[in-house]
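Before any comments, here is the structure.
The values are calculated or read from the model by the stated rules, or taken from the named source; none is laboratory data. All values reported here derive from a predicted model rather than from experimental measurement. No Cβ is skipped: glycine too gets one built from the backbone with ideal geometry, and neighbour counts run over all protein chains shown. Note: areas computed on protein heavy atoms with side chains; ligands, DNA, RNA excluded. Shrake-Rupley method; radii C 1.70, N 1.55, O 1.52, S 1.80 Å.
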Amino acid sequence: MVWWVQVEFYMNENTFKERLKLFFIKNQRSSLRIRLFNFSLKLLSCLLYIIRVLLENPSQGNEWSHIFWVNRSLPLWGLQVSVALISLFETILLGYLSYKGNIWEQILRIPFILEIINAVPFIISIFWPSLRNLFVPVFLNCWLAKHALENMINDLHRAIQRTQSAMFNQVLILISTLLCLIFTCICGIQHLERIGKKLNLFDSLYFCIVTFSTVGFGDVTPETWSSKLFVVAMICVALVVLPIQFEQLAYLWMERQKSGGNYSRHRAQTEKHVVLCVSSLKIDLLMDFLNEFYAHPRLQDYYVVILCPTEMDVQVRRVLQIPMWSQRVIYLQGSALKDQDLLRAKMDDAEACFILSSRCEVDRTSSDHQTILRAWAVKDFAPNCPLYVQILKPENKFHIKFADHVVCEEEFKYAMLALNCICPATSTLITLLVHTSRGQEGQQSPEQWQKMYGRCSGNEVYHIVLEESTFFAEYEGKSFTYASFHAHKKFGVCLIGVRREDNKNILLNPGPRCIMNATDICFYINITKEENSAFKNQDQQKKSNVSRSFYHGPSRLPVHSIIASMGTVAIDLQDTSCRSTSGPTLSLPTEGSKEIRRPSIAPVLEVADTSSIQTCDLLSDQSEDETTPDEEISSNLEYAKGYPPYSPYIGSSPTFCHLLHEKVPFCCLRLDKSCQHNYYEDAKAYGFKNKLIIVAAETAGNGLYNFIVPLRAYYRPKKELNPIVLLLDNPPDMHFLDAICWFPMVYYMVGSIDNLDDLLRCGVTFAANMVVVDKESTMSAEEDYMADAKTIVNVQTLFRLFSSLSIITELTHPANMRFMQFRAKDCYSLALSKLEKKEREKGSNLAFMFRLPFAAGRVFSISMLDTLLYQSFVKDYMISITRLLLGLDTTPGSGFLCSMKITEDDLWIRTYARLYQKLCSSTGDVPIGIYRTESQKLTTSESREIASQSQISISVEEWEDTKDCKEQGHHRSNHRNSTSSDQSDHPLLRRKSMQWARRLSRKGPKHSGKTAEKITQQRLNLYRRSERQELAELVNNRMKHLGLSTAGYDEMNDHQSTLSYILINPSPDTRLELNDVVYLIRPDPLAYLPNNEPSRKNSICNTTGQDSREETQL
């Protein structure tokens, strides 16, 4: 038999006491109402006291009875009794509800004692009418009001869940304490002076303010000893209470300064702001962001809220105190993973959120993980806030695919390094394009190249709708190349790409078959955007002097003038038609009786003619036409074209490349180890036809894959493919080898640039480029800027050992570029250093641009590309255009970046405008800039010094060659002592020095200073020559020891007397010079193929065993 027992559960809240406690104490809202009522009662009692004082007539005489008795009207007494009854009842009830077993704890509380003093006399006066005029210090209720206010604020913050209210509470307590002290002193002095000066409330207020402010005029003073004693007591209380309050307030203020407080909701709703989330904020990163962000005029009213978990750096604090930044930048110490901190930053109201990775950490993967979590947290808290995320490793990119804009550091870094090897100074070109500048750098320099370089550096990429543009509106219905050429000829702007209204993809140079529509968005390079340009029409020439023929004569080209006042560019609109001439203007000068016509330049057609377009059939490789049939067959069997079958990470853009029919065994990828398939152990043994490209890196990260792809892209002719050697400190992983084994002529070797033997084995003596990547292990340097120390010293060693080697270096900090190829006594480098300091003082964002290694594209820092992410807030297309230029993305119909070199056969073109026309009318290429190399201009004295140096060098070489023939057995032991410091062993060298001295001594006395300088310089040059010979012998000895051939090692080839720089979108009248390298955006050759051919999406797996032209299956 089962017995069912009913069990009832009782809660403590069912009792009457617990219900009252729930209503008066536990419940936040009801408790807040009770405390607000209590606070109002206390204020009412103080107000009634003031009313009683104001209504009372001052009594005559100095009797002490005036202290104990006052005049109180019956209605006023009734109100005060009612307030006292309610206050006492509430106090007793709350004491009963909060009673915990100790009655004395409740009775001896100061608020309870004050309540008894102020309420009990009024209650007694009900039963004893003669005590109705008894003085009661009701003004002490101000302290009870202060206590009720504190409890009320605590309940309020608890109800609305405010955790950042400590500062507010402390300020409120301090203010209320001061008010209570002053009010108590006013009422006390006024009452005690009833038997003295009979002060009113205003006089008492005046006395208290003068006394507490330590002014003490003395015109109002207490007379009675009781009032004097009261003043002493109040001063003592103030000296004890106020310092404690101020100390707590100061502590909280300092803590708030560290944490940054919060960004107010009102400001967030009325002003625009962006949030910058970083794990650690360095001064360089902050200044790069602020300078680039506020370089745009429409962002001047934006606020920047920095959310960082670490305490503010001293340098950052000093910068943020500058008025220019203190009014616009707010620093909050907090974490993006906490909703409370995101609420403080008002992330849900932000216009954008920038999340940057910490690249100065050894473990970059861990840094990426932190960035990913921050991005997830921001997306969860504010799903509508645009995200701009910087990631380091490409394999982590797919985790933040939801972000609006993503910049992967290693992708961009390796792609730029690769293009630097085939298009010189690509890194400098991209860096200048993504930096905001007005082109004012270097304009005060006496050097002409610095003026041109600085002015052209102000060119940036802008966009505009064609039908709204003055630049391009007239070219609606015409071909892209026609619009690009004529816009450059007329306005000096370079049209590089378009985006169709029905297509989100940007097309760089879609070619002459692309017809411009009114709704197309045009992307162009110019010194400023069209909206900030003012157009001025010049006086038209007479029609009789104008020839209607198209560009067959030297036309006057537009001149660009910068109006500094408004930052606009005034463009002179000139007549684009050419002036009449007596004959063909491009004809060569006559020689004797023969007339030789100079090659003419065809006009750029408005609509493309298929027969006039000389497209480069890159799919069939031009080099194949120059080979014999046997070589062509072997070449076709060796390479194919297709998409790489394996990618090392998710999210890599597929690129059409040169590939092998079968993947290379992993053992054959090792350059310095023989295997069963080949017996080569060094780069020289392979017999490569082209020079090597060597990459020195610490590990084979997935980003290194983006170095190989641009160098094996399908538009690179097979004949020009350079072998790639990866010099790695650590062996690569198998999955990385699986990704690179399909590419031709790609090898790796385990070694370091610290080791000369490793460098020689990997073929550094016949390498075209040496790429040195910054190592992650150096990031742990105690001093931030020392992270590049090892890389800089190693590159300097390479520069000294192999002076003819083109070295491309990546650094962590741009400020360290001044140490690249460092020469302590180079006057020209010192002059460039002074110029850099002047530009930095002027506020330039590109102060480092005049450093010769950077201008020549031999060094760059990935931190310079941080501005790409910042610029994308205003120009949302910049990341896409940069990825297309670097070959990271391939869009069908979009062109690619390449270069051409100006030879002697091309100098007849003369100017950049004519070259623009030649390219647009023939191949459809669009030039965007020039890479120019020129010799440094030397004075006459310097030229003589160099001449004397060369004579001495030749003499030394001849003498050493003679000595080498005579003393072959003792050559190695004596050669190290053949320096300029030991001339006793070299009679010829000593004889030359004596002739030197005699020739210099014949000079006049007024040139004695210059003579001394010449002697010093010539001795230094002689010392350099001897040092180079020692370095050359060191390299030769190591090569012989390793069994390597020393042929081809050119130890004396040096490029110290040349400088290189970039001219982005130069003016049309710029003269072409020999060996200029012109940057081109070449149309996609796949876009010209017939539409009836199959798609190019077939991979290499489907092309094995077929002819090379059939392999692509386009």
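Looking at this structure, is Phe68 exposed (fewer than 11 other Cβ atoms within 10 Å of the Cβ), at pLDDT 75 or above and either in contact with a Phe, Trp or Tyr (Cβ under 7 Å, 6 or more places away or on another chain) or closer than 25 Å to Ile113 by Cα (or both)?
Working: exposed (fewer than 11 other Cβ atoms within 10 Å of the Cβ): yes; at pLDDT 75 or above: yes; either in contact with a Phe, Trp or Tyr (Cβ under 7 Å, 6 or more places away or on another chain) or closer than 25 Å to Ile113 by Cα (or both): yes.
The answer is yes for Phe68.
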Per the list (1) surrounded by 24 or more Cβ atoms within 10 Å (Cβ to Cβ); (2) touching a Lys or Arg at 6+ places or on another chain (Cβ under 8 Å); (3) under 22 Å from Glu271 (Cβ atoms), residue check on Ala345 breaks on (2)
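So that you can scan it fast, the table gives a plain yes or no per residue for (1) in contact with a helix residue (DSSP H, G or I) (Cβ under 9 Å, 6 or more places away or on another chain); (2) outside any helix (DSSP H, G or I); (3) of a type outside the set (Lys, Arg):
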| position | (1), (2), (3) |
| --- | --- |
| Arg35 | yes, no, no |
| Ser45 | yes, no, yes |
| Ile50 | yes, no, yes |
| Pro75 | no, no, yes |
| Tyr96 | yes, no, yes |
| Pro121 | yes, no, yes |
Filter the range 88-111 down to the residues that are under 25 Å from Glu150 (Cβ atoms) and among the small types (Gly, Ala, Ser), then identify the one that is least open to solvent (accessible area, probe 1.4 Å).
-> Gly95
Condition check for Glu395: of a type in the set (Asp, Glu), modelled with pLDDT under 90, open to solvent by 10 Å² or more (accessible area, probe 1.4 Å) and farther than 30 Å from Leu1059 by Cβ | yes
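Kindly check whether there is at least one residue in the range 133-140 that is part of a helix (DSSP H, G or I), open to solvent by 60 Å² or more (accessible area, probe 1.4 Å) and free of Cβ contacts under 8 Å to residues at least 60 places away in the same chain.
Initial filter on the range 133-140 (part of a helix (DSSP H, G or I)): 138-140.
Imposing the further condition that a residue be open to solvent by 60 Å² or more (accessible area, probe 1.4 Å) reduces the set to none.
No: zero hits.
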The condition from (1) at pLDDT below 80; (2) in contact with a strand residue (DSSP E or B) (Cβ under 8 Å, 6 or more places away or on another chain) that Ser623 misses is numbered (2)
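Tell me which residues, restricted to the range 28-43, are open to solvent by less than 70 Å² (accessible area, probe 1.4 Å) and out of contact with any Phe, Trp or Tyr (no Cβ under 7 Å at 6 or more places or on another chain).
Our first condition is that a residue be open to solvent by less than 70 Å² (accessible area, probe 1.4 Å); within the range 28-43, this holds for 28, 30-32, 34-35, 38-42.
Residues satisfying the conditions are Gln28, Leu32, Arg35, Asn38, Phe39, Ser40, Leu41, Lys42.
Please work out if Gly887 is of a type in the set (Gly, Ala, Ser) and open to solvent by less than 10 Å² (accessible area, probe 1.4 Å). Let's see the steps before the verdict.
Details: of a type in the set (Gly, Ala, Ser): yes; open to solvent by less than 10 Å² (accessible area, probe 1.4 Å): no.
Criteria not met by Gly887.
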The lone condition Leu299 fails out of (1) closer than 30 Å to Thr528 by Cα; (2) touching a Leu at 6+ places or on another chain (Cβ under 9 Å) is (2)
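Which ones in the range 117-127 are of a type in the set (A, V, I, L, M) and open to solvent by 60 Å² or more (accessible area, probe 1.4 Å)? If you could, list the steps in order and put the result at the bottom.
We begin by selecting, within the range 117-127, every residue of a type in the set (A, V, I, L, M); these are 117, 119-120, 123-124, 126.
Result: Ile117, Ile124, Ile126.
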Right, Ile881: under 16 Å from Pro1066 (Cα atoms), touching a helix residue (DSSP H, G or I) at 6+ places or on another chain (Cβ under 9 Å) and buried (at least 18 other Cβ atoms within 10 Å of the Cβ) or not?
-> no
Among Ala787, Ala831, Ala768, the single one that is touching a His at 6+ places or on another chain (Cβ under 8 Å) and modelled with pLDDT of 75 or more is Ala787
If you go through the range 458-497 one residue at a time, how many are under 26 Å from Ile601 (Cα atoms) and not basic (Lys, Arg)?
-> 24
Counting only residues that are touching a strand residue (DSSP E or B) at 6+ places or on another chain (Cβ under 7 Å), open to solvent by 10 Å² or more (accessible area, probe 1.4 Å) and touching a residue at least 24 places away in the same chain (Cβ under 8 Å), give me the helices (runs of 4 or more DSSP H) lying completely in the range 783-875 with at least 2 of them.
-> 852-855
(1) at pLDDT below 85; (2) within 38 Å of the chain's Cα centre (by Cα); (3) of a type in the set (A, V, I, L, M, F, W, C): which one isn't true of Leu239, the others all being true?
-> (2)
If Ile881 passes every condition in (1) in a loop (DSSP other than H, G, I, E, B); (2) at pLDDT 90 or above but one, which one does it miss?
-> (1)
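Are any residues in the range 666-699 surrounded by fewer than 23 Cβ atoms within 10 Å (Cβ to Cβ), within 38 Å of the chain's Cα centre (by Cα) and outside any helix (DSSP H, G or I), and if so, which ones?
Residues of the range 666-699 surrounded by fewer than 23 Cβ atoms within 10 Å (Cβ to Cβ): 666-670, 672-682, 684-691, 698-699.
So of that shortlist, the ones also within 38 Å of the chain's Cα centre (by Cα) come out as 669-670, 690-691, 698-699.
Those that are surrounded by fewer than 23 Cβ atoms within 10 Å (Cβ to Cβ), within 38 Å of the chain's Cα centre (by Cα) and outside any helix (DSSP H, G or I): Arg670, Asn690, Lys691, Glu698, Thr699.
Matching residues to (1) touching a helix residue (DSSP H, G or I) at 6+ places or on another chain (Cβ under 6 Å); (2) buried (at least 16 other Cβ atoms within 10 Å of the Cβ); (3) outside any loop (DSSP other than H, G, I, E, B):
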{"position": "Phe183", "(1), (2), (3)": "yes, yes, yes"}
{"position": "Ile189", "(1), (2), (3)": "yes, yes, yes"}
{"position": "Pro222", "(1), (2), (3)": "yes, yes, no"}
{"position": "Gln245", "(1), (2), (3)": "yes, yes, yes"}
{"position": "Tyr251", "(1), (2), (3)": "no, no, yes"}
{"position": "Tyr263", "(1), (2), (3)": "no, yes, no"}
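Return the residue satisfying two criteria in turn: it lies in the range 191-220 and is at positive phi and within 60 Å of the chain's Cα centre (by Cα), and of such residues it is most open to solvent (accessible area, probe 1.4 Å). Steps first, answer last, please.
Residues of the range 191-220 that are at positive phi, as a first pass: 198, 214, 216, 218.
Now narrow it down to the ones that are within 60 Å of the chain's Cα centre (by Cα): 214, 216.
Working: Thr214: 120, Gly216: 53 Å².
Only one residue fits best here, namely Thr214.
Of the residues Leu85, Leu74, which single one is at pLDDT 85 or above, open to solvent by 40 Å² or more (accessible area, probe 1.4 Å) and within 30 Å of Lys198 (Cβ to Cβ)? Let's see the steps before the verdict.
Working: Leu85 fails: within 30 Å of Lys198 (Cβ to Cβ).
Just one listed residue meets the conditions, Leu74.
Can you pull out every residue in the range 897-932 that is closer than 30 Å to Asp404 by Cβ and in contact with a Phe, Trp or Tyr (Cβ under 6 Å, 6 or more places away or on another chain)? Quick ask: steps written out before the conclusion?
Within the range 897-932, the first condition is being closer than 30 Å to Asp404 by Cβ, and the residues that meet it are 897, 926, 928-929.
Passing the criteria: Ile928, Gly929.
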